[in-house]
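The values are calculated or read from the model by the stated rules, or taken from the named source; none is laboratory data. Since the structure is predicted, the reported quantities are computational estimates derived from the model, not experimental observations. Every residue, glycine as well, gets a Cβ built from its backbone with ideal geometry; the counts of neighbours run over all protein chains shown. Side chains included, ligands, DNA and RNA excluded: accessible areas come from the protein's heavy atoms. Shrake-Rupley method; radii C 1.70, N 1.55, O 1.52, S 1.80 Å.
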Amino acid sequence: MIKVSLLVTAGPQRPGALTALHTAQAVARSSHQLYRVFFYGEGVHLANRLACRDDALCVAQRDWQTLVAEQRWPAAVCVGAALKRGISDDAEARRAGLSAVSGTLAEGFTLVGLGDWVDALTQSDRVVHFG
Amino acid sequence: MADSLLFVVRQPPGRGAGWRETIDMALTGAAFGVDTLMWLEATPLKVLARRADHGQLLAELSGFGIRCVARQEDLPAGLPGIEGLDSAALHTLRRHASQMVIL
């Protein structure tokens, strides 16, 4: 068994976002371990629960969010990249003084620092990047 | 497990979050002891050469022991700390890096 991590920097409109999803599914179904999926750059939009979920253009967001919630994949979203793009959990929204706003982070995703990326890099046998 | 990481940098400083996010990712890896290499492509090099603060931007990388390289023919004059390499040397670096990230 090998440990596999994915780095997803492809935004929802890029083919890489769906290719990453299919790769995550394949790894999860195999005998290998999906150690972490790390969302960075434009890839953090895939974790925005307020994205339009019925639009055909939002299929990548919808499918990622459905599978992360159902399968409990280790889905880590860089907090710095997420906050820049208006994506936060309840705690970060409160910290930013937006107490009236609930978080926009979809279920199952976790906001983390870049140290988690380095951990994925050093602990995984293979890291695959989808940009 | 990655012991060397090659970033191929396509995004120039000053246009969106791309450059800053690439630098942050590279610096974090380097700070945790990952051997980090940055290959700057022609577009970021051209923008860097025009910026008055290019010395500061590049010093941030070298301060963490990040080696910066570029294709010799892409490298403008006056950018300190970036090694110009020929295609064969760049190919070797790419082959020897255990992980490659294109941002």
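Looking only at region A:65-93, count every residue that is part of a helix (DSSP H, G or I), at pLDDT 90 or above and hydrophobic (A, V, I, L, M, F, W, C) and tell me the total.
Number satisfying all stated conditions: 7.
Looking at region A:83-105, can you tell me whether even one residue there is over 26 Å from B:Arg10 (Cβ atoms), under 11 Å from the mean Cα position of the chain (by Cα) and surrounded by 14 or more Cβ atoms within 10 Å (Cβ to Cβ)?
Within region A:83-105, one or more residues are over 26 Å from B:Arg10 (Cβ atoms), under 11 Å from the mean Cα position of the chain (by Cα) and surrounded by 14 or more Cβ atoms within 10 Å (Cβ to Cβ).
Condition (residue is of a type outside the set (S, T, N, Q), within 24 Å of A:Thr122 (Cα to Cα) and free of Cβ contacts under 8 Å to residues at least 24 places away in the same chain) applied to region B:87-97: is it met by at least one residue?
Yes, region B:87-97 contains at least one residue that is of a type outside the set (S, T, N, Q), within 24 Å of A:Thr122 (Cα to Cα) and free of Cβ contacts under 8 Å to residues at least 24 places away in the same chain.
Kindly evaluate A:Ala28 against the criterion of being touching a Phe, Trp or Tyr at 6+ places or on another chain (Cβ under 9 Å), under 24 Å from B:Val34 (Cβ atoms) and among the aliphatic types (A, V, I, L, M).
On the way: touching a Phe, Trp or Tyr at 6+ places or on another chain (Cβ under 9 Å): yes; under 24 Å from B:Val34 (Cβ atoms): no; among the aliphatic types (A, V, I, L, M): yes.
So A:Ala28 does not fit the description; no.
Take B:Arg15 and decide whether it is farther than 16 Å from B:Gly84 by Cβ, part of a loop (DSSP other than H, G, I, E, B) and not hydroxyl-bearing (Ser, Thr, Tyr).
Taking the combined requirement at face value, the residue satisfies it.
Which one is modelled with the lowest pLDDT among residues in region A:1-18 that are touching a strand residue (DSSP E or B) at 6+ places or on another chain (Cβ under 8 Å) and away from chain B (no Cβ under 14 Å)?
Ranking the qualifying residues of region A:1-18, first place goes to A:Met1.
Residues of region B:69-103 being open to solvent by 70 Å² or more (accessible area, probe 1.4 Å) and within 14 Å of chain A (Cβ to nearest Cβ), which ones?
B:Arg94, B:Met100
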